[in-house]
């Protein structure tokens, strides 16, 4: 995860430096590139037997496909991104609504979420709020605000 974050941050830094060399940095309409990552969502065991959202998370019984480890992997990724050295990569830990909705899976598998169940719509609203309202206020040290 750290290698991925370092690679992505390096690409963003190289792009920014290229824009500066061309004299485009800071011009009207210039957009600073950022990466937004949503926390990974595991599947639900026997999701097709569920008919309504849960009020609390239910632990796994069988740990199919190491789904029970996804929460820990999300926490590790969040800790990797915490230092300022990856300041252009943002993790949105918005997995809880989907974790509580085993009834929102498509009929064909236990990983994909269907539209209309509220999970994808909630993600879209949250991501839009983050990108349009919070992200523009994130200022990198030594760089002008975007």
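The values are calculated or read from the model by the stated rules, or taken from the named source; none is laboratory data. All values derive from a computational prediction rather than experimental measurement. Every residue, glycine among them, receives a Cβ derived from its backbone with ideal geometry; neighbour counts consider all protein chains shown.
Observations, loosely collected:
- Residue count, the range 87-98 (criterion: surrounded by 19 or more Cβ atoms within 10 Å (Cβ to Cβ) and in a helix (DSSP H, G or I)): 2
- Residues that are modelled with pLDDT of 90 or more, touching a helix residue (DSSP H, G or I) at 6+ places or on another chain (Cβ under 9 Å) and farther than 19 Å from residue 134 by Cα, drawn from the range 5-39: 5, 6, 8, 9
- Residue that is out of contact with any strand residue (DSSP E or B) (no Cβ under 6 Å at 6 or more places or on another chain) and closer than 15 Å to residue 1 by Cα, where the choices are 107, 124, 39: 39
- Options 61, 16, 75, 20; residue that is over 22 Å from the mean Cα position of the chain (by Cα), in a helix (DSSP H, G or I) and exposed (fewer than 15 other Cβ atoms within 10 Å of the Cβ): 20
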